[in-house]
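Visitor: Got a structure here, written out as structure tokens. Questions coming.
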Amino acid sequence: MSKNTRRTFLKTVGLTVGGVGVAGASARQTDKFAESDESHHCDDATTSDVNWRFGPHSPFRHTPAVGEKTVYAREDGEYLYAIDRETGTERWRFEVTGDDDPAGTVGPVLCDGTVYVAGNSGDDTRLYAVDAATGEERWSFFVSGGVRTTPTVEDGTLYFASFTHSTTYALDTDTGDVQWTFTGDCDPLGHPRDDVLVTAGNAYVVDGNNLWALDADDGGVEWALRPNEFSLYALAVTDDTVYVGLSDGSSCVADGNLVALDAASGTERWSTDVSGLSTADEIEVGGGRVYVVSYVHDPTRLVALNGDDGTEHWSFEVDETGVANTTEQGVIEHSHTVYDGNVYFSANRSVYQLDGDDGSVSARWDAEYPIIEAPAVTEDAVYADSAFDDRTNRYGYVYSFDRDE
């Protein structure tokens, strides 16, 4: 089974989507690695070429979905775009009912010849299934309360959570019919804080107040973590482990701000207080490692830990002052991507490639405007959305960067 976080479909190293190995924001491996204790800071690295740039259009703020011949990108405004992967030209566009509210859009999801994308206009929100080859609508589903997290596809089922009305849905991917819904049991479901993640027969939902493990087939509660305070921030899963990010001081849950739980039972495997992080805001997994980011304080830090016991191995800092605000450096934005032993993250107008073993910078790709979300990474390219929005001027691009080594 595989993880799908906010930005793109099944972000797993080597995942085949239309014949292409693609990663969007995370990966899952089990190899061991040598212990180290290193800290790194931003410095210069080789900047590679731009294959193409698509736009300008309205701001693009989400990880693109990448197929064998096509890249799919969702703008803030009306459209989902299909872009030729080789040339960067438009193949088709699909009009999505919604508005220009960046908080009201989520990134596209690609699976088995279908692109899933949500519009957002208050209570008039629709989730669409679109033919990936033609751009024709296959079905749509009305969602009361808006969709603020990227859907997950697993074994013919589409999982997502509405925001305002706080309901988790499981839909049949062929028809859009509801298989089950979940709104909480003795505690009502709060606003979802991360995507619904699926592994080992369970669907995991974190809503700030609770972590729910639901039977993926019928939505029944398998177990729940209830700290009774608004303290749960991020979620990542592998086949057998659930990683949960917490705020500082959540000692009623675990001793620290990151806890690893047994995926089947919910029992704690380990917990740790990640150094220098007040909150574990984003978590990704890959190659036996757990990568944690906190971006609400200065300096922003990305920390790599051992997935088996939480031992810290290296950290990477991006200072929010001075040179960090130039086009070369900046704040680590939201999630990051793990692919083929490397970690990719967006920092202001750049995408950085870090060596997963020691955190050193091995490559950098620069855009004209800030890259808000994690890139999608394939064998030969890095794909990233960019956005500029000063309330008067609003535009963005989709980039294909060359990563041939």
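Only the coordinates and a few stated rules stand behind these numbers; no lab work does. This one's a predicted model, so the numbers in the text were calculated from it and none came from an experiment. A quick note on method: Cβ atoms are made from the backbone with ideal geometry, for glycine too, and the neighbour counts reach across all protein chains shown.
Visitor: Could you work out how much longer the chain between SER275 and GLU95 gets when fully extended? Use 0.36 nm per residue separation minus the Cα distance between them, nm to one decimal.
Guide: 60.3 nm
Visitor: Exactly which GluC sites (Glu not before Pro) in the range 134-181 are in a DSSP loop and have at most 14 other Cβ atoms within 10 Å?
Guide: Of the GluC sites (Glu not before Pro), the ones in loops of the range 134-181 whose Cβ has at most 14 other Cβ atoms within 10 Å are GLU136.
Visitor: Ordered by packing density, taken as the mean number of other Cβ atoms within 10 Å over each peptide's residues, highest first, how do 346-357, 62-73 rank?
Guide: So the peptides 346-357, 62-73, ranked by packing, come out 62-73, 346-357.
Visitor: Give the long-range amide H neighbours of THR114: residues separated by 5 or more places, or on another chain, with amide H under 5 Å away, using H modelled in the peptide plane at 1.01 Å from N.
Guide: ALA132
Visitor: Please give the length that would be gained between ASP172 and PHE388 if that part of the chain were fully extended, namely 0.36 nm times their separation in residues minus their C-alpha to C-alpha distance (nm, one decimal).
Guide: Details: separation 216, 0.36 × 216 = 77.76 nm, distance 3.65 nm.
Result for the pair: 74.1 nm of gain on full extension.
Visitor: So who's got an amide H within less than 5 Å of the one on ILE372, skipping anything under 5 residues away but keeping other chains? H placed 1.01 Å off N, in plane.
Guide: Under 5 Å from the amide H of ILE372: ALA387.
Visitor: Under a 5 Å amide H to amide H cut-off, with H placed in plane at 1.01 Å, what residues pair with ARG138 once short-range neighbours are removed?
Guide: It is ALA129, VAL130, ASP131, by chain and number.
Visitor: For the range 272-284, just list the computed ³J(HN,Hα) in residue order, Karplus coefficients 6.51, -1.76 and 1.60, θ = phi - 60°, integers in Hz, with x standing in for Gly and Pro.
Guide: 8, 9, 5, 5, x, 10, 6, 9, 8, 7, 9, 10, 10
Visitor: Once you put a point 7 Å from the Cα of SER265 and another 7 Å from the Cα of THR134, both along the Cβ direction, what distance in nm separates them?
Guide: About 5.2 nm, to one decimal.
Visitor: Sort SER166, SER400 so that the residue with the fewest other Cβ atoms within 10 Å of its own Cβ comes first and the one with the most comes last. Before the final figure, lay out each step's value.
Guide: On the way: SER166 18, SER400 28.
The fewest-first ordering by Cβ neighbours comes to SER166, SER400.
Visitor: If the chain between ARG226 and THR87 were fully stretched, how many nm would it gain, using 0.36 nm times the residue separation less the Cα-Cα distance? Spell out each step's value before the answer.
Guide: Numbers: separation 139, 0.36 × 139 = 50.04 nm, distance 4.96 nm.
This chain segment gains 45.1 nm when fully extended.
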